[in-house]
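Enquirer: Please see the structure below; I have some questions.
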Amino acid sequence: MPTATALPPAGHAHPPLPQRVLVVENSRAYTSMLRAAIEQQVELPVEVAATLADAARLLDTRDDWFLVLTGMVLADGDRDQILEFFAARGLPTIVVSGVYDEELRQRALQQQIIDYVLKSTPDSLDYLVWLVRRLERNRRIGALVVDDSLASRSFIASLLHAQGYQVAHVADGSSALRAVEADPGIRLCIVDQEMPMMDGIELTRRLRQLRARDRMAVIGVSGSTDASLIPRFLKGGANDVLHKPFSREEFFCRVSQNIDQLELIGTLQDLATRDFLTGLPNRRSFLEHSERLLAQPSADAVTVAMIDIDHFKHVNDSYGHEAGDQALRAMAQVLQQHTRANDFSGRFGGEEFCMLIHGLDREAAARHLEALREAVQAIELDIDGRPLRITISIGACQRDAQCPNLHKLLGEADRHLYLAKAGGRNQLRGLEPG
């Protein structure tokens with residue numbers, strides 16, 4: 001069965017994505033506002049051109065262009081020439097016009113222009129900033145189109161590709177399930193209802209068994225006039241339903257709205273599970289994750305470590321609380337660097353951190369934690385010209401018959417942490433030989 005180019009394998013190293021935005025506009029005041037808004041809010045570099053000739057020179061000078069926003073009134077080109085110029089370059093392009101012209105709008109959309117935006121409306125600047133941000137983020141999102149019609153799925157895939165998504169398409173439900181199971185990067189699935197063997201509603205139900213609503217958006221598509229289809233799709237787990245035929249603009253708005261909601265859910269989940277200052281998992285997240293890992297049959301050779309920054313109150317008192325925050329962030333960065341793929345670490349609270357190490361015997365776990373201690377000891381922060389160094393004390397416990405669960409492991413690790421601090425600090429206790 002024909003498919004589009006497959007998505008890159010999970011974990012595949014991607015080349016750096018182009019970041020530069022070109023704004024082509026003859027109004028200096030509007031250009032200045034738009035440039036400042038994109039650079040400050042989306043943090044992308046912006047170049048400005050007032051003519052097609054200027055635009056051509058800039059485009060030829062660099063090869064890291066991501067997006068073009070162009071006006072329709074330029075000294076050296078009419079609107080048809082402007083549209084043809086950027087269409088020929090093959091760059092994602094947004095038209096920003098001062099007046100609404102339905103003929104121009106239709107012509108622009110037929111040229112595969114991403115959007116047609118009126119700059120005269122009060123919220124146009126906010127919309128353009130959102131649009132640039134949305135298109136920039138889309139490039140890191142995998143999308144899958146499922147439809148037994150090659151023409152139909154190719155068309156939808158082309159719409160998604162124009163919006164920057166990494167797109168693949170398949171012809172049946174079984175192939176879709178295999179693709180989603182194999183690739184965690186797929187965050188969006190467009191599912192046609194009218195397919196043999198497994199229709200779209202049944203496929204949606206099965207997709208939801210693989211990936212929850214907060215991990216992947218599913219949008220159903222159908223040309224049926226059956227009034228019961230939309231509620232059946234939604235009850236089966238779809239986030240939204242599109243009725244054929246749909247316009248490019250409706251498709252873009254529906255898809256973007258659902259991806260925005262996914263990202264909002266992710267942000268809320270981060271707020272609930274991550275420490276705001278360091279970005280590490282918080283105490284609750286660490287406890288829940290560790291409980292799940294310890295419940296797995298393969299969870300042997302598990303070590304839990306409690307880690308405390310030495311004399312942290314002195315840091316705050318002598319250098320100020322901002323310096324204390326810098327020290328916490330520096331500590332978190334080193335901890336993340338020493339957290340392997342199967343391990344888990346977090347901030348327990350205050351200056352205390354925790355780490356769960358999986359798959360290392362007692363001696364190897366001790367070496368790993370000693371390497372962490374030495375890496376923290378090597379940190380030197382510059383606080384207004386004053387050097388600040390920190391050290392850590394570590395208490396650890398490896399699971400055995402006396403400490404079979406997380407509660408016992410944490411309690412014993414905490415006891416060894418107390419011994420490490422009482423013994424002079426900047427040391428590891430609890431994994432000594434014998």
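Enquirer: Please state which of the following conditions GLU291 fails to meet, knowing it meets all the rest: (1) free of Cβ contacts under 8 Å to residues at least 24 places away in the same chain; (2) farther than 30 Å from ARG386 by Cα; (3) acidic (Asp, Glu).
Expert: The one condition GLU291 does not meet is (1).
Enquirer: Which one of ARG187, ARG215, ARG178, ARG206 is in contact (Cβ under 8 Å) with a residue 60 or more places away in the chain and open to solvent by 60 Å² or more (accessible area, probe 1.4 Å)?
Expert: Just one listed residue meets the conditions, ARG187.
Enquirer: Determine the pairs where a residue that is among the hydroxyl-bearing types (Ser, Thr, Tyr), located within segment 261-273, has a partner that is surrounded by 12 or more Cβ atoms within 10 Å (Cβ to Cβ) and outside any helix (DSSP H, G or I) with Cβ atoms under 8 Å apart, the partner being 6 or more residues away or on another chain.
Expert: THR273/PRO281; THR273/ASN282
Enquirer: In segment 85-104, what count of residues is obtained for those that are acidic (Asp, Glu) and either outside any helix (DSSP H, G or I) or crowded, with 17+ Cβ neighbours inside 10 Å (or both)?
Expert: 1
Enquirer: Hey, could you check segment 319-346 for residues that are charged (D, E, K, R) and touching a Gly at 6+ places or on another chain (Cβ under 9 Å) and say which is least open to solvent (accessible area, probe 1.4 Å)?
Expert: ASP343
Okay, residues lined up against (1) part of a helix (DSSP H, G or I); (2) more than 22 Å from LYS244 (Cα to Cα):
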site: GLN106; (1), (2): yes, no
site: GLN112; (1), (2): no, no
site: ASP126; (1), (2): yes, yes
site: GLU136; (1), (2): yes, yes
site: ALA143; (1), (2): no, no
site: ALA151; (1), (2): yes, no
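Enquirer: Moving on. Just give me the residues in segment 39-83 being within 17 Å of LEU118 (Cα to Cα) and either of a type in the set (Val, Ile, Thr) or open to solvent by less than 30 Å² (accessible area, probe 1.4 Å) (or both), in sequence order.
Expert: Result: VAL68, LEU69, THR70, GLY71, MET72, VAL73, LEU74, ILE82, LEU83.
Enquirer: How many residues does segment 55-83 contain that are in contact (Cβ under 8 Å) with a residue 24 or more places away in the chain, of a type in the set (D, E, K, R), closer than 18 Å to ARG20 by Cβ and assigned to a helix (DSSP H, G or I)?
Expert: Selection size over segment 55-83: 0.
Enquirer: Okay, next question. From the list GLU380, GLU351, pick out the single residue that is under 26 Å from ARG274 (Cα atoms), open to solvent by 40 Å² or more (accessible area, probe 1.4 Å) and in contact (Cβ under 8 Å) with a residue 40 or more places away in the chain.
Expert: GLU351
The values are calculated or read from the model by the stated rules, or taken from the named source; none is laboratory data. Keep in mind the model is a prediction, meaning the values are calculated, not measured. Neighbour counts are summed over all protein chains in view; Cβ atoms, including those assigned to glycine, are modelled from backbone coordinates with ideal geometry. Protein only, heavy atoms only, side chains kept; ligands, DNA and RNA dropped before computing areas. Shrake-Rupley method; radii C 1.70, N 1.55, O 1.52, S 1.80 Å.
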